[in-house]
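Encoded as structure tokens, the structure appears first; notes follow it.
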Amino acid sequence: MGKLSAQTQRALAIPENILALDADQMRRLGYEVVDRVIEHLTTIREQRALTTGDKDRLTAQLGGQIPQQGSSISENLAILADIALANQQHGDHPRYFARVPGPSSYPAILGEWLATGMQSVASSWGGGSGPSTLETITCAWLRDGLGLAPSCEGVLLSGGSMANITAVITARAHKGAGIIYLSDQTHSSIKRGLLAIGQPADHIRTLATDANFRLSPIDLKAAIEIDLESGLHPMLVIATAGTTNTGAVDDLPALADLCVSFNLWLHVDGAYGGPAALCTTGRSALLGLEHADSFVTDPHKWLFQPYDIACLFVKTPGALERTFAMYPEYLKDVAGGAVEMQNRSLELTRRSRAVKLWLTFRSYGLQTLAAAVERGIGLAEYAQYLVEQDERLKVVTPAALGIVTFAGVNSDADDHVRAAARLTEDGYAAVSSTVLKGQTVLRLCTINPSTTTDDIAGTIARLAQFLTRS
Ligand SMILES: Cc1ncc(COP(=O)(O)O)c(C=O)c1O
């Protein structure tokens, strides 16, 4: 019998409860977190929509040498809430209209907390049958709610960037490497992702959009034919269902016809606009989703979820597994069950993002969620109406899927950028400027159902004032 080494004996002398807290302490601290979150949610209207801190100041407040000894958890929670988390955009603020808001809902927050507290995992079936079942079910609910093809299988990922590129990897595995077609309104993360996965830049065709910021099927057909004549292999079309700039939706039925006749994979990026298909108005703007070979939508944008959660659907059953499955020796004990979520993307260890979405669907029901989405569409239409009433302003692109863009009648590009920055600095609201075919505009994204018509009116009135004064 050997002897335990001195080092092993030292290690075993460390008490096993070294990280443990007692139940009362955990409860008290947990309630502190709940209280802080409720305070945030119930006073949000009086808070700033976005705060950007000073780098040196934040580093001084939050940094220093690596802590050698522990300190009060309660005090540290206060530092996190009051300093770190106070200096950010509040995508859940009713007057946060910039980029894409993230109006998360309380059941979804609860789901996230519960999943975190119970170390949820949705990787293998053997090690996560419950969470894996939740993911299969919520993806199917979402698929059916959006009207996607019934054969679609889903996987939850961190966001649109990862989900879109996972779709492209899947398409490439099935069609072989080739030319990829997208538009000048395709989200920038997709082009970045394409280059990152080794797609040669000269095998990406970025087609100019038409006057309505949509990919033209005529131009697409011409581009495919030119590539075929050159002996190249057209492989994938990336369409957008709700562009980030204007909410434009590509002509999905026409693009789908082209993809069928030339044997191309059709991927639809509905990261932003996809959830609109839950309501009747949105569904009619998003005709043809069922034709997509793959489709992405982000519940952390317009389906009231805390970050992060995106959903990728692929129409051909088993296509994701054929692309991503691996069966290493040390996972054999847990693999081979009903569904292996670890084999549907590049993520192995993955928390259950489905817990929060499942709880949201169950708590509100589809009808309420659809109504909340529909309100966002209506708010952008109301914003358009107010811009039309104001002689200092003009609409540039009409309300589409919760986005409206407009400009000052007598303002130049810098005026718009300054007006957006000034409003954001004031803290009343946060809005974006963007550039549409060379024209700088102001843009509101109005998908937070708790936004009031007064919030919209107050924001537009201030912007009109800043534009004329600047
Ligand atoms: C249309 C579209 N696609 C993709 C993305 C990227 O999504 P994420 O930021 O979740 O990675 C966005 C983000 O705004 C988007 O609007």
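Observations on the structure shown:
- Only residues that are touching a Pro at 6+ places or on another chain (Cβ under 6 Å) and away from the ligand (no atom under 16 Å from the Cβ) were counted in segment 77-111, giving 1.
Let's see how each residue does on (1) within 16 Å of the ligand (Cβ to nearest atom); (2) modelled with pLDDT of 95 or more; (3) buried (at least 17 other Cβ atoms within 10 Å of the Cβ):
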position	(1), (2), (3)
Thr138	no, yes, yes
Leu146	yes, yes, yes
Ser151	no, yes, no
Val155	yes, yes, yes
Ala173	no, yes, no
Gly178	no, yes, yes
His187	yes, yes, yes
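- Matching residues in segment 264-283 - criterion: being assigned to a strand (DSSP E or B) and not hydrophobic (A, V, I, L, M, F, W, C): His267, Asp269, Gly270
- Taking segment 309-418 and the helices (runs of 4 or more DSSP H) fully enclosed by it, the elements with 3 or more residues that are within 16 Å of the ligand (Cβ to nearest atom) are at 366-389.
- The number of residues in segment 261-276 that are buried (at least 21 other Cβ atoms within 10 Å of the Cβ) and more than 14 Å from the ligand (Cβ to nearest atom) comes to 3.
- Verdict on Ala167 being within 24 Å of Pro234 (Cβ to Cβ) and either away from the ligand (no atom under 12 Å from the Cβ) or not assigned by TED's automatic domain parsing to the domain that holds Gly274 (or both): no
- Meets criteria (surrounded by 21 or more Cβ atoms within 10 Å (Cβ to Cβ), of a type outside the set (Phe, Trp, Tyr) and touching a helix residue (DSSP H, G or I) at 6+ places or on another chain (Cβ under 8 Å)) for Thr323: no
The values are calculated or read from the model by the stated rules, or taken from the named source; none is laboratory data. The structure displayed is predicted, hence computed values, not measured ones. Glycine also receives a Cβ, built like all others from the backbone with ideal geometry; neighbour counts cover every protein chain displayed.
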